[in-house]
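The values are calculated or read from the model by the stated rules, or taken from the named source; none is laboratory data. A quick note: this is a predicted structure, and the numbers were derived from the prediction, not measured. Cβ placement follows ideal geometry from the backbone for every residue including glycine, while neighbour counts extend to all protein chains displayed. Only protein heavy atoms, including side chains, enter the accessible area calculation; ligands, DNA and RNA are left aside. Shrake-Rupley method; radii C 1.70, N 1.55, O 1.52, S 1.80 Å.
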Amino acid sequence: MGLVVQKYGGSSVADAEGIKRVAKRIVEAKKNGHQVVVVVSAMGDTTDELIDLAGQVSPMPAGREFDMLLTAGERISMALLAMAIKNLGHEAQSFTGSQAGVITDSVHNKARIIDVTPGRIRTALDEGNIAIVAGFQGVSQDKKDITTLGRGGSDTTAVALAAALDAEVCEIYTDVDGVFTADPRVVKKARKIDWISFEDMLELASSGSKVLLHRCVEYARRYNIPIHVRSSFSGLQGTWVSSEPPVRKTQQQGDQKVEQAIISGVAHDTSEAKITVVGVPDKPGEAASIFRTIADAEINLDMVVQNVSAASTGLTDISFTLPKTEGRKAIDALERNKHGIGFDSLRYDDQIGKISLVGAGMKTNPGVTASFFEALSDAGVNIELISTSEIRISVVTRADDVTEAVRAVHTAFGLDSDSDEAVVYGGTGR
Ligand code: ADP
Ligand code: ASP
Ligand code: MG
């Protein structure tokens with residue numbers, strides 16, 4: 001029996017009962033002969049509450065202090081979980097990210113892991129302990145300050161530890177039974193996916209399926225760590241995310257590889273905003289200086305479009321989308337460089353939503369794009385921006401249209417399940 005890393009999200013440890021339930025599950029894995037490393041998130045919506053609290057004392061909290069505050073959430077759950085395990089008669093020790101050897105760069109609020117040195121975790125395991133690690137945090141290599149990895153970052157902590165400890169699997173326990181063909185909170189008829197490739201999962205995650213964080217999937221692909229996403233509330237098998245499809249035994253044909261679906265699913269995202277830079281001179285270098293300004297402010301963009309230049313004015317508009325949380329920073333940075341760039345005005349719109357269709361089968365099945373746009377048109381949804389990759393089509397619409405659009409596309413591609421409705425066991429969806 002090898003080493004497993006288990007990650008429990010906030011909804012799985014929302015209260016004392018949740019912590020005790022999870023503790024039992026961890027002890028089961030230990031009793032089955034595994035060495036167990038657990039990564040735990042803050043209880044319930046604690047992180048959101050801490051963010052709200054910070055906002056009440058300062059409109060722009062300093063990154064260092066903000067991170068110090070947020071990591072407190074995971075410290076509470078790690079200590080309580082270790083206590084609950086000890087209460088069941090098993091040895092457990094809790095560790096902060098820093099103690100667990102999670103070394104990051106020094107970009108507060110969205111630090112990247114640059115090294116993992118889990119010496120203390122190894123020792124704890126060798127001594128027969130269950131190791132509990134606070135997710136979503138590390139320590140910066142140069143300044144030795146406490147950092148956080150960005151929202152949902154405990155997923156990344158789990159995969160990074162699984163890679164560093166050479167775990168056989170990284171189990172992500174959450175409040176739904178796995179990865180579904182759409183968010184079960186929006187599409188009741190969403191279907192659980194048994195296996196999905198790293199590539200399709202990466203696209204779903206970066207398009208807004210927050211069941212797994214994009215960076216965590218990237219990390220897992222790089223180190224080839226299989227992820228098993230499953231519910232901490234049920235005993236069901238969940239979704240395997242890995243490079244190769246698993247082999248299943250069938251009665252008629254013997255061993256068969258699980259087939260990859262043409263379309264993996266529909267993702268949606270209402271966490272982005274759109275900025276339009278109006279009246280940009282239509283000459284070389286303009287887009288470069290706009291996006292250099294945004295990059296220097298350390299903001300990641302998503303979609304970009306430039307409208308056709310109106311020949312009579314020699315001016316053009318450039319729109320792009322970015323996380324709402326970065327909106328203020330982007331507007332300020334552009335305003336500061338207004339004369340250097342030379343535009344007329346800025347428009348900010350945070351009432352947008354994005355819908356994406358993901359599947360490797362798009363490459364070889366003509367007509368997917370046409371069917372996608374037909375489904376949106378039949379649902380009366382107006383499209384504002386379009387972007388595509390080899391295995392994804394995304395559109396931006398009004399935020400109010402997103403639910404309707406996701407359901408329409410899900411049905412149009414035959415993804416609706418005809419059996420059990422997808423279960424959401426907990427969480428507030430915040
Ligand atoms: P945790 O607290 O366990 O980290 P999250 O809230 O981050 O949980 O992620 C789980 C949630 O992700 C689910 O409750 C569900 O609403 C949402 N979700 C979005 N897209 C999907 C999808 N395709 N499959 C499953 N869950 C999804
Ligand atoms: N508690 C952090 C958050 O809510 C990290 C996590 O849950 O993964 O974003
Ligand atoms: Mg999460």
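Values computed for the structure shown
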quantity: Matching option when the condition is within 16 Å of ligand 1 (Cβ to nearest atom) and surrounded by fewer than 24 Cβ atoms within 10 Å (Cβ to Cβ), among GLY135, GLY128, GLY152; calculated: GLY152
quantity: Among (1) open to solvent by less than 10 Å² (accessible area, probe 1.4 Å); (2) within 16 Å of ligand 3 (Cβ to nearest atom); (3) within 28 Å of LYS144 (Cβ to Cβ); (4) not in a loop (DSSP other than H, G, I, E, B) - the single one ASP67 does not satisfy; calculated: (2)
quantity: Residue in region 107-125 that is of a type in the set (S, T, N, Q), in contact with a Ser or Thr (Cβ under 9 Å, 6 or more places away or on another chain), modelled with pLDDT of 95 or more and under 18 Å from ALA160 (Cα atoms) present; calculated: no
quantity: Which numbered condition ASN224 misses (of (1) open to solvent by 20 Å² or more (accessible area, probe 1.4 Å); (2) in contact (Cβ under 8 Å) with a residue 24 or more places away in the chain); calculated: (2)
quantity: Top-ranked residue of region 203-221 - restricted to ones that are open to solvent by less than 40 Å² (accessible area, probe 1.4 Å) and among the hydroxyl-bearing types (Ser, Thr, Tyr), ranked as farthest from the chain's Cα centre (by Cα); calculated: TYR219
quantity: Exclusive hit being more than 16 Å from ligand 3 (Cβ to nearest atom), out of contact with any Ser or Thr (no Cβ under 9 Å at 6 or more places or on another chain) and free of Cβ contacts under 8 Å to residues at least 12 places away in the same chain, set GLN35, GLN93, GLN56; calculated: GLN56
quantity: Region 134-188 - residue that is closer than 22 Å to ALA79 by Cβ and without any contact (Cβ under 8 Å) to a residue 60 or more places away in the chain and, of those, farthest from ligand 2 (Cβ to nearest atom); calculated: VAL139
